[in-house]
1. Which order do 69, 404 fall in if you start with the one that has the fewest other Cβ atoms within 10 Å?
2. Modelled label-to-label distance, residue 131 and residue 72, 7 Å Cα→beta-carbon offset: nm?
3. Starting from 0.36 nm per residue, how many nanometres of slack lie between residue 402 and residue 349 once their C-alpha separation is accounted for?
4. Note down the nm distance, to one decimal, between modelled labels 7 Å out along Cα→Cβ at residue 198 and at residue 173.
5. For a footprinting-style exposure proxy, rank 304, 405, 255 by other Cβ within 10 Å, fewest first.
6. How would you rank 345, 371, 268, going from fewest to most other Cβ atoms within 10 Å of each one's own Cβ?
7. Can you compute the modelled spin-label distance between residue 278 and residue 368, with each label point 7 Å from Cα toward Cβ, in nm?
8. Where in segment 83-125 does the amide nitrogen come within less than 19 Å of the point 7 Å from the Cα of residue 188, taken along Cα to Cβ?
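Computed from the coordinates by the stated procedures, all read-outs in this text should not be read as laboratory data. Keep in mind the model is a prediction, meaning the values are calculated, not measured. Backbone-built Cβ (ideal geometry, glycine too); neighbour counts: all protein chains shown.
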Amino acid sequence: MKLQILSTLFASALLLCTACGTAQAQGLTASSEAASEEQEMVSQADPAQAELVSTIEESITLESEHPPLSDATKEAITAYKRNPCEETAQVLYDALNDAYDQVIATKWENLGIHTEAREDRINAWMHTVMNGEQPPFVSLEMEDDKGGEREAASEAVEAYFENPTIQNRELVRQALNAYYDAFLTEQEAHAQETQDLKEERIAAMFERFISDSFQPQLISGEQPDLEDILAEIMCSYISAGAEFLPVNPEARVRERSFNAEIASAQEIYLEDPTPENLNALEAEVTEAFRTACEVREEGCAQAEENGRAGAEDLLEQMLNPDFLAEQYEELTQQLNLYGRIDRIITFGCNTYGDWTPRMEEESKALAKLLIIYQADPTAEHLQAVEESFYALYDDVLRMQAEHLEMTESVLENYIADTVSELIS
């Protein structure tokens with residue numbers, strides 16, 4: 001049996017184990033900084049690149065070395081806790097191996113996609129430049145400058161704007177190619193690192209899951225139905241500023257940064273549980289909560305400014321059953337630690353597993369009208385949907401503003417609960 005290899009606990013794996021082992025916020029799934037940036041790279045592509053963008057977005061969603069626990073892994077953990085023997089331990093170890101192999105395979109697959117899409121991506125950026133704008137990656141607020149290639153690309157574009165000659169245009173293309181080379185090199189290094197650390201990360205996860213200190217809070221009851229959470233879907237939209245935007249790479253970088261900092265502080269405390277190290281861990285968790293609160297307060301204020309225009313955009317989308325299904329899946333999936341923190345701030349609780357949506361009856365009333373309209377899309381039925389939708393939207397907007405204001409008074413409790421989970 002391979003259990004003898006289990007030894008050193010790594011910070012990234014510790015964070016995964018703790019985050020996934022407790023009840024699970026909106027961000028989306030964890031992903032690498034490089035993958036987040038790549039999603040923004042294609043966000044301003046020519047309309048002809050839409051299918052490519054969709055493919056990249058889907059792959060990035062799955063490209064995390066800290067994925068949600070699979071059903072097989074959760075079942076294996078449960079089986080081991082009920083009957084901790086060599087056989088159930090091996091099943092758990094194999095499940096962790098299978099899940100990690102999928103992560104590795106996805107990373108290499110995505111690298112292949114990025115490599116094949118090179119020319120399309122460069123052409124999309126050139127299209128943006130020809131329209132008088134900098135490529136979107138230039139404005140990202142992150143330390144990673146791809147070895148200076150991002151700044152070089154920005155300078156080449158500015159030079160072209162000042163003197164739009166054929167020669168300067170070619171220099172822009174060369175700079176964009178150099179930047180993309182740096183991006184691919186970074187992606188390859190990240191995939192290789194994930195592969196090289198497989199044994200150690202699995203060992204850390206396994207050691208954590210079989211330890212007596214790990215007691216998973218498994219899902220009890222059933223998740224609410226889609227018809228129950230339409231108000232929470234509105235809340236999610238409002239908290240993002242009442243706008244449909246590409247995935248924000250700065251938000252992804254923020255998520256990655258907080259997860260890494262908290263993981264490091266957690267590892268230090270678990271190795272040396274002094275009051276000073278506990279205070280350091282609490283400080284990292286506090287910063288994450290306060291940042292999430294500030295971001296959502298800004299989003300809600302923006303939604304209030306957008307007013308009816310923002311609501312109209314959401315209504316148009318909610319008439320589409322596919323959109324609602326996607327929102328339901330996103331809102332109820334398991335997320336990483338900062339994702340859970342963001343959900344607690346946004347909704348007052350984690351929205352994974354058994355939870356109680358707000359304004360449930362009002363959501364059901366709107367859902368009923370939407371079903372009627374979808375079956376018979378008449379002007380009369382649309383009017384009924386609109387009246388119900390706008391009334392609920394206004395109520396949710398007021399509710400969310402009040403909720404975020406009240407959250408300040410209970411923030412210390414949220415922080416204390418999260419720290420307690422991390423050190424238990």
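1. 404, 69
2. A separation of 4.3 nm, rounded to one decimal place.
3. On the way: separation 53, 0.36 × 53 = 19.08 nm, distance 1.54 nm.
In short, 17.5 nm is gained.
4. Reported label-point gap for residue 198 and residue 173 is 4.0 nm.
5. 405, 304, 255
6. The order, fewest Cβ neighbours first, is 371, 268, 345.
7. Computed distance between label sites residue 278 and residue 368 equals 5.2 nm.
8. Flagged as within label range: 104-122.
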